[in-house]
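Trainee: Pasting a structure below so you can have a look.
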Amino acid sequence: MTSKVAFSTTLGMIAAAVVLVVAFHMVVDPYGLFHDMKGQQRSVVMNERIEKHLLSYNYVPANFNALMIGPSLSDNLDTSLLTRYRVYNLSLNAGNATEIKVVLDSALNHGRFDALIICLHPYLTKDHGLKTSALTEQDIYSSLGSLDSFKYFVRRISMHLAHDPGMNTPWGQFKYHQQKKHRSVAEMIAEEVKKAPTNRVNPQPEALADLAAIIQRAHQEHIKVFAYFHPTPYPVFMAYQEDYLAFKQAALSLLTKDDVVWDYLDEAHRSFTEDLANYHDHQHLSAQGVATIVADIQKHMEGAWAKP
């Protein structure tokens, strides 16, 4: 065999392998990109940012008519308990307004949604910009065969063999509160309070512009907006009060009288924010806290529906 023939043969084998890998990913379709996803279920397995971005193209628009967005503080809310709308939890762990806008825009570009629930917290606007090189259409090409997709299938297989359902659900919930913790909630809150003098969370103008664009697009597309200020534990809120109030003022300026807005940091909810049983750590809700807040969100949504 001449070197030219050998080269051509090798090249052909490589091409065939690439075609097989791409075909495999398209048939299995882990992110619901290439098939009718109506009634199907897909959950995040490894990389929440990339996977929710990919799911937003087809799976989410095919199965849901409302969205919840926010940082990790709303990521563990079980939106399957909300009625009237089928709400997908598009929140991102450690997500800021820039990243959330990218993923939300993808969903809105590919489907029609009737409602948007926004978890408002200074974390959304304390910084801006993407924290990853992903969240572009390049994610689609990578999903057809890459190191990340290989790791995805390895993880899925290991979960299957271990009978591990994972902490992510087809509704977008990440069960943050099921993670193990090695300190008490009181200890974590005390540590967070000590950080307050040097750990500012005041809103950044660029991030506020991203949040404004999110809300403006919802208004333009006649999507009903429900927005709430996350129930931060009372001692943490008091330690960061100046920054929290600055964020609240900025966020309220973006909302209108037609939006349904409420604040879990007001005095009416102080009994909740002082009860450490509602928290998994210094910010995230426990299973008890999740159940209470989801039920309360439902009440606010029902109140909006009852209005003429």
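The values are calculated or read from the model by the stated rules, or taken from the named source; none is laboratory data. These numbers come from a predicted model, not from an experiment. Every residue, glycine among them, receives a Cβ derived from its backbone with ideal geometry; neighbour counts consider all protein chains shown.
Trainee: Look through the range 96-106, keep the residues that are part of a helix (DSSP H, G or I) and of a type outside the set (Gly, Ala, Ser), and return whichever of them is farthest from residue 199 (Cα to Cα). Don't jump to the end; show me each part of the working.
Mentor: Looking only at the range 96-106, we keep the residues that are part of a helix (DSSP H, G or I), and these are 97-106.
Next, from what is left, pick out any that are of a type outside the set (Gly, Ala, Ser): 98-105.
Values: 98: 21, 99: 22, 100: 23, 101: 25, 102: 27, 103: 28, 104: 28, 105: 31 Å.
Among those that are part of a helix (DSSP H, G or I) and of a type outside the set (Gly, Ala, Ser), it is 105.
Trainee: While we're looking at this one, here's another question. Given the residues 288, 220, 216, which is the only one that is over 28 Å from residue 130 (Cβ atoms), modelled with pLDDT of 95 or more and either within 23 Å of the chain's Cα centre (by Cα) or among the β-branched types (Val, Ile, Thr) (or both)? Before you say what the answer is, go through the steps one by one.
Mentor: Details: 220 fails: over 28 Å from residue 130 (Cβ atoms); 216 fails: over 28 Å from residue 130 (Cβ atoms).
Only one candidate qualifies: 288.
Trainee: Then there is this: So if I check each of 105, 127, 139, which one is charged (D, E, K, R), under 16 Å from residue 59 (Cα atoms) and modelled with pLDDT under 95? If you could, list the steps in order and put the result at the bottom.
Mentor: Values: 105 fails: modelled with pLDDT under 95; 127 fails: under 16 Å from residue 59 (Cα atoms).
Selected residue: 139, the only one of 105, 127, 139 that is charged (D, E, K, R), under 16 Å from residue 59 (Cα atoms) and modelled with pLDDT under 95.
Trainee: Something else: Specify which of the listed residues (197, 165) is surrounded by fewer than 16 Cβ atoms within 10 Å (Cβ to Cβ) and touching a helix residue (DSSP H, G or I) at 6+ places or on another chain (Cβ under 8 Å).
Mentor: Values: 197 fails: touching a helix residue (DSSP H, G or I) at 6+ places or on another chain (Cβ under 8 Å).
Just one listed residue meets the conditions, 165.
Trainee: Out of the residues in the range 158-209 meeting the condition of being among the β-branched types (Val, Ile, Thr) and assigned to a loop (DSSP other than H, G, I, E, B), tell me which one is farthest from residue 55 (Cα to Cα).
Mentor: First, pick out the residues of the range 158-209 that are among the β-branched types (Val, Ile, Thr): 169, 185, 189, 193, 198, 201.
Next, only the ones that are assigned to a loop (DSSP other than H, G, I, E, B) stay: 169, 198, 201.
On the way: 169: 13, 198: 38, 201: 31 Å.
Ranking the qualifying residues of the range 158-209, first place goes to 198.
Trainee: Out of the residues in the range 69-78 meeting the condition of being among the small types (Gly, Ala, Ser) and on the phi < 0 side of the Ramachandran plot, tell me which one is modelled with the highest pLDDT.
Mentor: To start, the set of residues in the range 69-78 that are among the small types (Gly, Ala, Ser) comprises 70, 72, 74.
Now restrict to residues that are on the phi < 0 side of the Ramachandran plot: 72, 74.
Values: 72: 94, 74: 97.
Checking each candidate, the answer is 74.
Trainee: Kindly indicate the residue of the range 221-247 that is of a type in the set (D, E, K, R) and in contact (Cβ under 8 Å) with a residue 60 or more places away in the chain and also surrounded by the most Cβ atoms within 10 Å (Cβ to Cβ) among those meeting that condition. Give the derivation first.
Mentor: Initially, the range 221-247 is screened for residues of a type in the set (D, E, K, R), giving 221, 224, 242-243.
Still in the running and in contact (Cβ under 8 Å) with a residue 60 or more places away in the chain: 221, 224, 243.
Numbers: 221: 12, 224: 19, 243: 17.
Among those that are of a type in the set (D, E, K, R) and in contact (Cβ under 8 Å) with a residue 60 or more places away in the chain, it is 224.
Condition check ((1) in a loop (DSSP other than H, G, I, E, B); (2) of a type in the set (A, V, I, L, M); (3) at positive phi; (4) surrounded by fewer than 24 Cβ atoms within 10 Å (Cβ to Cβ)) across all residues:
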{"site": "67", "(1), (2), (3), (4)": "no, yes, no, no"}
{"site": "80", "(1), (2), (3), (4)": "no, no, no, yes"}
{"site": "88", "(1), (2), (3), (4)": "no, no, no, no"}
{"site": "93", "(1), (2), (3), (4)": "yes, no, no, yes"}
{"site": "108", "(1), (2), (3), (4)": "no, yes, no, yes"}
{"site": "116", "(1), (2), (3), (4)": "no, yes, no, no"}
{"site": "128", "(1), (2), (3), (4)": "yes, no, no, yes"}
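Trainee: Among residues belonging to the range 175-191 that are modelled with pLDDT of 95 or more and in contact with a helix residue (DSSP H, G or I) (Cβ under 7 Å, 6 or more places away or on another chain), point out the one that is farthest from residue 238 (Cα to Cα).
Mentor: Going through the qualifying residues, I end up with 185.
Trainee: Suppose we filter 92, 82 for residues that are out of contact with any His (no Cβ under 6 Å at 6 or more places or on another chain), among the aliphatic types (A, V, I, L, M), modelled with pLDDT of 95 or more and more than 22 Å from residue 135 (Cα to Cα); which single one remains?
Mentor: On the way: 92 fails: more than 22 Å from residue 135 (Cα to Cα).
Exactly one of 92, 82 is out of contact with any His (no Cβ under 6 Å at 6 or more places or on another chain), among the aliphatic types (A, V, I, L, M), modelled with pLDDT of 95 or more and more than 22 Å from residue 135 (Cα to Cα), namely 82.
Trainee: Given the condition hydroxyl-bearing (Ser, Thr, Tyr) and either within 21 Å of residue 183 (Cβ to Cβ) or part of a helix (DSSP H, G or I) (or both), answer yes or no: does some residue in the range 249-272 qualify? Walk me through it before giving the result.
Mentor: First, the residues of the range 249-272 that are hydroxyl-bearing (Ser, Thr, Tyr): 253, 256, 264, 271.
If we keep only those that are either within 21 Å of residue 183 (Cβ to Cβ) or part of a helix (DSSP H, G or I) (or both) too, we end up with 271.
So far as the range 249-272 goes, yes, one or more of its residues are hydroxyl-bearing (Ser, Thr, Tyr) and either within 21 Å of residue 183 (Cβ to Cβ) or part of a helix (DSSP H, G or I) (or both).
Trainee: Condition first: assigned to a loop (DSSP other than H, G, I, E, B), in contact with a strand residue (DSSP E or B) (Cβ under 6 Å, 6 or more places away or on another chain) and over 11 Å from residue 121 (Cβ atoms). Now tell me which residues in the range 210-232 satisfy that. Write out each step before concluding.
Mentor: From the range 210-232, those assigned to a loop (DSSP other than H, G, I, E, B) are 221-223, 230-232; that's our starting set.
From what's left, in contact with a strand residue (DSSP E or B) (Cβ under 6 Å, 6 or more places away or on another chain): 223, 230.
Hit for the range 210-232 is 223, nothing else.
Trainee: Further question: When the residues of the range 38-65 are narrowed to those that are surrounded by fewer than 21 Cβ atoms within 10 Å (Cβ to Cβ) and small (Gly, Ala, Ser), which ends up farthest from residue 106 (Cα to Cα)?
Mentor: The selected residue is 39.
Trainee: Give me a count of the residues in the range 248-271 that are over 16 Å from residue 300 (Cα atoms), surrounded by fewer than 17 Cβ atoms within 10 Å (Cβ to Cβ) and out of contact with any strand residue (DSSP E or B) (no Cβ under 9 Å at 6 or more places or on another chain).
Mentor: The qualifying residues number 5.
Trainee: Regarding residue 125, is this residue polar (S, T, N, Q), in contact with a helix residue (DSSP H, G or I) (Cβ under 7 Å, 6 or more places away or on another chain) and touching a residue at least 24 places away in the same chain (Cβ under 8 Å)?
Mentor: On the way: polar (S, T, N, Q): yes; in contact with a helix residue (DSSP H, G or I) (Cβ under 7 Å, 6 or more places away or on another chain): yes; touching a residue at least 24 places away in the same chain (Cβ under 8 Å): yes.
Criteria met by residue 125.
Trainee: Look through 304, 250 and report the one residue that is out of contact with any Cys (no Cβ under 9 Å at 6 or more places or on another chain) and at pLDDT below 95. Show your work before the answer.
Mentor: Working: 250 fails: at pLDDT below 95.
Going through 304, 250 in turn, just one is out of contact with any Cys (no Cβ under 9 Å at 6 or more places or on another chain) and at pLDDT below 95: 304.
Trainee: Moving on. Suppose we keep only residues that are of a type in the set (Asp, Glu) and in a helix (DSSP H, G or I) within the range 273-306. Which one would you say is surrounded by the most Cβ atoms within 10 Å (Cβ to Cβ)?
Mentor: Within the range 273-306, the match that is surrounded by the most Cβ atoms within 10 Å (Cβ to Cβ) is 296.
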